[in-house]
Every structure is written in structure tokens, then in C-alpha cells.
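This report concerns only the one structure given below.
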Amino acid sequence: MAKLRPEQLGQALNKGLAPIYLVSGDEPLLVQEACDQIRAAARSQGFGERELYHADASFDWTQLLSAANSLSLFADRKILEVRLPTGKPGDKGGKVLQEYAKAPSEDNLLLVVTGKLDRNALKAKWLKALEDSGSHVQVWPVTPAQLPRWIAQRMKAAGLTADSAAIDLLASRVEGNLLAAAQEVEKLKLLTDSPEISTELMASVVADSARYDVFGLVDKALHGDARGAVKSLQGLKVEGTEPIALLWALARDIRALVQISQAASQGIPFERAAQAAGIWNKRQPLVQSALRRLSPGQLQQLLRKANGIDRAIKGMRQADPWAELLDLTLNLAGVQSLQPANERLSLKL
């Protein structure tokens, strides 16, 4: 089957499901949305169960074949999703994928998700086997020159229009961050009843985001700028930002730090691990700075704290979410704000 661009995927899915999909690329938002489209189409056709496998260096590839040959307990058909961060399954994984591709079952849909594939990987036998039996969705980076057009298409899909000046303004604000651009478009949908976005409205929305933005807070904490991160946190609180939005941003990058740290312990190069974790090139120095400062044990403790804050926000434990967000932000920036005994106490229900 033919290779597909992300914008071609919807039309291809409407024509029918392929038994195998390979989604590759280093634009996390576009990769995620392509996978979401495939899963939604599969669910609409009776694939009611999803089994997820993380194919790291220690992964037992025979699990995939066993799962493919076993009957589902909860649904007639199931999605077998394999996350392959390195894009290299190794000899065993390559043979398993080739064997699966020879005769894919109608009761299974195989979804393989990788980062950007290098030239050698694109020539690999396992990849050719998957392409012969299914579809390969290749996600390419959106260049600075392409970003205004991408934003315009995103706005059109949201039922919005804007002139080139307004679109250029947003493009300059997000600096290549597609997730940030998508969030701004969603914000515009909420702020206006008119489908036409003026330059003035775009400027006001961008200016509001630029004062104290959630992503800026996280970047300051990763950099070790505790004072700047706390100032941003206090500003966001005053502006009425919901604690759950801050926690989402902090927890997302903490999980990425844990993932990259674990990959590094397995000998995976930092750049490859960072791409697999969805860290943009421009943010990789910030992540490296944090990893030099925080041990694997400290990162796990940060994850536990984030989980405790989530419970506090949901009313499942008695605690002040803002006070604990301050503590989490300081810890991510490298400042130990509580004694260990008090930290353990703060995590109790």
C-alpha cells in the first residue's frame, strides 16, 4: 500500500482499514493525532480492545505473536499497538514483524509507532514488509516557512479564519511548537463568537499568553531558575489559571525526564531518547540541564508528588494544591523545600 501524509490519512481511513499501520516522525502532536484517527476508525469497526507494548531493549517480541494468536476476552477484535522509540526493532523484532506481516489476522490491527526513521531504517526488511501489507504514515517536521499555512489550515478545521498578519503573529509567538499553536486556536474558539479572527484579537490573546505562560514556567524550572519559575507560578495563580493546567504541564515533562533517564541507563543516545519522549530540539538543552541536576530517584519522587497533587485537586486528599505546586516547581528547579520526613507525610492520603 502507498505511503500516506497525515493530511491524507482521514480519506484513506474512510475507504477502509488496513491491517497494519506504521506511524513515524518527530512531530509529537501530528504523530499523536494520526494514531488517534487510526484508533477511532478501528473502534468504529469493532476493534474494542487495545493492547499496548513498549518495545525497549529488553522487550520480548514473542509477546506480540502470542497476543496476535490469542483470542480477546473482552472484544471480538483488538488493536495491537507497539511503541518503538528507537525505530530499530533489532534482529528478533524485525523477524517477528516480518512474520506477522506475511499473514495479518482480520481480528487484529497492528499499529507501530516510531520516532523519525533514518535512511537505513527506511530500507529495512521489516519496514518494507509492513508497508507491503499496510500503510505507512510519515510525519515530517513543519518548517518555519510552512507554519503559517499549517496554522491557517488548523484554524479552518476549527471553523475560524484570519488574515495573514494575524496568522504570522501567532506563528512568531509559538516558535515552531505545534502543540502551543493548536492550544491557541482552541482558545480562540472559546473567546469569540465570530469565525473571523482580527489581528487585534489575535494580538490580545497572544499578549495575554505571553505574560505568564504555563510552558514558560516549566522551562524556567527545567533550567534551574527557581526564582523565575516561582514568579511565573504566582502570576498564573493571580490570573486565575486552573491548577490542573499547571500540573498537566509539569507532570508531562517530569514523565519525559523519567523516560529519557531510563533510556539513557539502557545506552540509548540522549537525542534519540529525547525525540521519542516528544522533546523538541530547542528544549533539549533544558532537559539535559535538569537531568544533570536530578537523580532517577528524585525524578520518581517528583512523579509521586505530582500524583499526590492530582488527588488533592480532585478532593481525594486534604492539601492545598497551590502550595504543593510551588513545592513541586521548586524541586524540579533543584531546590529542596521540605525535609524528607515532611515529604513522605505530604504524599499520604
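Of the residues making up the stretch 116-166, those that are part of a helix (DSSP H, G or I), of a type in the set (G, A, S) and free of Cβ contacts under 8 Å to residues at least 40 places away in the same chain number 7. Of all the listed residues (D56, D132), the sole one being open to solvent by 50 Å² or more (accessible area, probe 1.4 Å), of a type in the set (D, E, K, R) and more than 20 Å from D26 (Cα to Cα) is D132. Take the stretch 1-35 and flag every residue that is within 18 Å of L84 (Cβ to Cβ) and either in a helix (DSSP H, G or I) or β-branched (V, I, T) (or both). Correct list: I20, V23, P28, L30, V31, Q32, A34, C35. Any residue at all in the stretch 89-101 that's within 23 Å of the chain's Cα centre (by Cα) and either assigned to a loop (DSSP other than H, G, I, E, B) or touching a residue at least 24 places away in the same chain (Cβ under 8 Å) (or both)? Yes, the stretch 89-101 contains at least one residue that is within 23 Å of the chain's Cα centre (by Cα) and either assigned to a loop (DSSP other than H, G, I, E, B) or touching a residue at least 24 places away in the same chain (Cβ under 8 Å) (or both). Here the stretch 269-287 is the region considered, the condition is being open to solvent by 80 Å² or more (accessible area, probe 1.4 Å) and modelled with pLDDT of 85 or more, and the residue that is nearest to H223 (Cα to Cα) is E271.
A quick yes/no check of all residues on (1) closer than 21 Å to G334 by Cβ; (2) crowded, with 20+ Cβ neighbours inside 10 Å; (3) β-branched (V, I, T); (4) at pLDDT 85 or above:
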{"position": "S198", "(1), (2), (3), (4)": "no, no, no, yes"}
{"position": "L201", "(1), (2), (3), (4)": "no, no, no, no"}
{"position": "K220", "(1), (2), (3), (4)": "yes, yes, no, yes"}
{"position": "L233", "(1), (2), (3), (4)": "yes, yes, no, yes"}
{"position": "L247", "(1), (2), (3), (4)": "yes, yes, no, yes"}
{"position": "L250", "(1), (2), (3), (4)": "yes, yes, no, yes"}
{"position": "I254", "(1), (2), (3), (4)": "yes, yes, yes, yes"}
{"position": "Q262", "(1), (2), (3), (4)": "yes, no, no, yes"}
{"position": "S295", "(1), (2), (3), (4)": "yes, no, no, yes"}
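Checking L147, L109 one by one, the residue that is within 19 Å of L17 (Cα to Cα), at pLDDT 90 or above and buried (at least 18 other Cβ atoms within 10 Å of the Cβ) is L109 and no other.
Residues that are open to solvent by 30 Å² or more (accessible area, probe 1.4 Å) and under 19 Å from A34 (Cβ atoms) were ranked within the stretch 62-85; the one that is modelled with the lowest pLDDT is P85. Kindly indicate whether R173 is open to solvent by 40 Å² or more (accessible area, probe 1.4 Å), in a helix (DSSP H, G or I) and either closer than 28 Å to L303 by Cα or touching a residue at least 40 places away in the same chain (Cβ under 8 Å) (or both). So R173 does not fit the description; no.
The values are calculated or read from the model by the stated rules, or taken from the named source; none is laboratory data. Quick caveat, the model's predicted, so the values are computed rather than measured. Reconstructed Cβ throughout: ideal geometry from the backbone, glycine too, with neighbour counts over all protein chains shown. Accessible surface areas use protein heavy atoms only, side chains included; no ligands, DNA or RNA. Shrake-Rupley method; radii C 1.70, N 1.55, O 1.52, S 1.80 Å.
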